[in-house]
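A.B. asks: Encoded as structure tokens, here's the structure I'll be asking about.
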Amino acid sequence: MTAVTMDVAAAPPRKRMSEEKFWAIVLIAPYVVVFALFVVYPVLYGFWLGSSANSFKKLFQDPIFVTTLWNTAIFVLVAVNLKMLVALGLSAFFILEYRWVRWLSVIFIIAWAMPSIPTILSVRWMFNPEWGLVNNLLFKWFQIEGPGWLTERHYGLTLAILMHIWKSLPFWTLILVAARLAIPRDLYESADVDGATRWQRFRFITWPAMRAPYMTSVLLSSIWTLGDFNSVYLLTGGGPNDSTQVLATLGVRYLRIDQIDVGMAAVICALPAILPMVFFLMKRLSRVDEQ
């Protein structure tokens with residue numbers, strides 16, 4: 001009996017939850033509940049709806065799906081590569097130390113800062129083949145009938161790509177401008193003393209310093225471009241005859257005809273492309289942290 005009493009007395013007292021930890025749990029609990037209800041649950045429920053083999057069978061038998069895959073590949077490859085190359089070139093321009101360049105950079109950022117919906121709808125109005133501003137000006141100035149910008153597949157997909165580039169180009173330009181400004185100026189001064197040309201300065205100084213942020217931006221831009229819904233849906237609606245659909249908009253087509261499971265299967269089909277890019281992106285970011 002005495003030994004038991006001594007063991008009880010020797011047992012360490014239970015630690016009470018601190019007041020800071022208690023209030024931290026109280027304050028974060030609503031966010032966890034909202035996140036679980038409106039993010040985790042819809043995602044899991046969507047995966048459950050589109051996980052049946054019959055849903056994928058219907059999707060693969062639809063001839064529009066093959067066209068959508070081609071459109072998505074063209075949209076991502078052309079938009080990302082063209083956008084990043086132009087951003088790389090513009091980043092060299094916007095680091096020039098002139099006052100008018102600074103004012104121009106402010107105007108340049110407006111395209112990215114403006115809301116997407118009114119901007120894209122304005123472009124859709126301008127390129128309307130019947131009463132749009134562009135075709136009216138072509139007829140007024142050159143007496144030619146403008147093409148069906150939004151009623152032909154190639155024109156519609158091209159406009160969607162250009163719309164996406166125009167909208168997101170300022171953001172990636174700013175990222176690359178920041179990368180350029182991080183390069184020590186002493187390296188360029190030494191290169192000037194050695195008589196290096198512009199190409200040599202870019203090849204041996206600029207590009208080695210910008211390669212890591214540039215490739216990271218390409219991966220992140222590819223993920224965002226693959227999920228770009230507004231540029232295609234608001235401009236062409238996936239038409240004409242679903243010929244400009246991409247994976248980001250194909251699911252809505254099936255929702256309209258009450259095939260929710262097939263729509264979710266279409267969304268799931270984008271995961272084999274997204275997950276590897278996310279993996280490589282996180283790997284690159286972790287490598288930067290280690291350095």
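The values are calculated or read from the model by the stated rules, or taken from the named source; none is laboratory data. Source: prediction; values computed, not measured. Positions of Cβ are generated from backbone atoms using ideal geometry, with glycine treated the same way; all protein chains shown enter the neighbour counts. Please note that ligands, DNA and RNA were not included when accessible areas were found on the heavy atoms of the full protein model with its side chains. Shrake-Rupley method; radii C 1.70, N 1.55, O 1.52, S 1.80 Å.
A.B. asks: Considering only region 216-238, state which residues are small (Gly, Ala, Ser) and in a helix (DSSP H, G or I).
C.D. replies: SER217, SER221, SER222, SER231, listed by residue number.
A.B. asks: Check whether at least one residue in region 146-168 is touching a Gly at 6+ places or on another chain (Cβ under 6 Å), open to solvent by less than 70 Å² (accessible area, probe 1.4 Å) and not basic (Lys, Arg), and report yes or no.
C.D. replies: Scanning region 146-168, I find at least one residue that is touching a Gly at 6+ places or on another chain (Cβ under 6 Å), open to solvent by less than 70 Å² (accessible area, probe 1.4 Å) and not basic (Lys, Arg), so the answer is yes.
A.B. asks: Somewhere in region 268-287, is a residue polar (S, T, N, Q), modelled with pLDDT of 85 or more and open to solvent by 20 Å² or more (accessible area, probe 1.4 Å)?
C.D. replies: Checking region 268-287: not a single residue is polar (S, T, N, Q), modelled with pLDDT of 85 or more and open to solvent by 20 Å² or more (accessible area, probe 1.4 Å).
A.B. asks: Does region 142-186 hold any residues that are hydroxyl-bearing (Ser, Thr, Tyr), part of a helix (DSSP H, G or I) and in contact (Cβ under 8 Å) with a residue 40 or more places away in the chain, and which are they?
C.D. replies: Within region 142-186, SER168, THR173 qualify.
A.B. asks: Moving on. Name the residue that is nearest to the chain's Cα centre (by Cα), counting only residues in region 114-141 that are touching a residue at least 40 places away in the same chain (Cβ under 8 Å) and open to solvent by 70 Å² or more (accessible area, probe 1.4 Å).
C.D. replies: ILE117
A.B. asks: While we're here: Failed condition for GLN61, given (1) open to solvent by 100 Å² or more (accessible area, probe 1.4 Å); (2) touching a residue at least 60 places away in the same chain (Cβ under 8 Å); (3) among the polar types (S, T, N, Q), with all others met?
C.D. replies: Looking at each condition in turn, GLN61 falls short on (2).
A.B. asks: Mind checking which pairs have a first residue in region 251-270 that is more than 22 Å from ILE223 (Cα to Cα) and a second that is buried (at least 23 other Cβ atoms within 10 Å of the Cβ) and among the β-branched types (Val, Ile, Thr), Cβ under 8 Å, 6 or more apart or different chains?
C.D. replies: If the second residue must be buried (at least 23 other Cβ atoms within 10 Å of the Cβ) and among the β-branched types (Val, Ile, Thr), the pairs left are TYR254/VAL262.
A.B. asks: Residues LEU247, LEU235, LEU220: which one is within 14 Å of the chain's Cα centre (by Cα) and open to solvent by less than 40 Å² (accessible area, probe 1.4 Å)?
C.D. replies: One residue alone meets the criteria, LEU247.
A.B. asks: Criterion first (aromatic (Phe, Trp, Tyr), out of contact with any strand residue (DSSP E or B) (no Cβ under 6 Å at 6 or more places or on another chain), open to solvent by 80 Å² or more (accessible area, probe 1.4 Å) and at pLDDT 90 or above) does TRP48 satisfy it?
C.D. replies: Answer is no for this residue.
A.B. asks: What single numbered condition from (1) of a type in the set (Val, Ile, Thr); (2) open to solvent by 80 Å² or more (accessible area, probe 1.4 Å); (3) modelled with pLDDT of 80 or more fails to hold for VAL8?
C.D. replies: (3)
A.B. asks: Take region 188-215 and flag every residue that is of a type in the set (Gly, Ala, Ser) and part of a helix (DSSP H, G or I).
C.D. replies: Those that are of a type in the set (Gly, Ala, Ser) and part of a helix (DSSP H, G or I): SER190, ALA191, ALA209, ALA212.
A.B. asks: While we're here: Any chance you could count how many residues in region 181-215 are closer than 26 Å to ARG284 by Cα and open to solvent by less than 30 Å² (accessible area, probe 1.4 Å)?
C.D. replies: Number of matching residues: 5.
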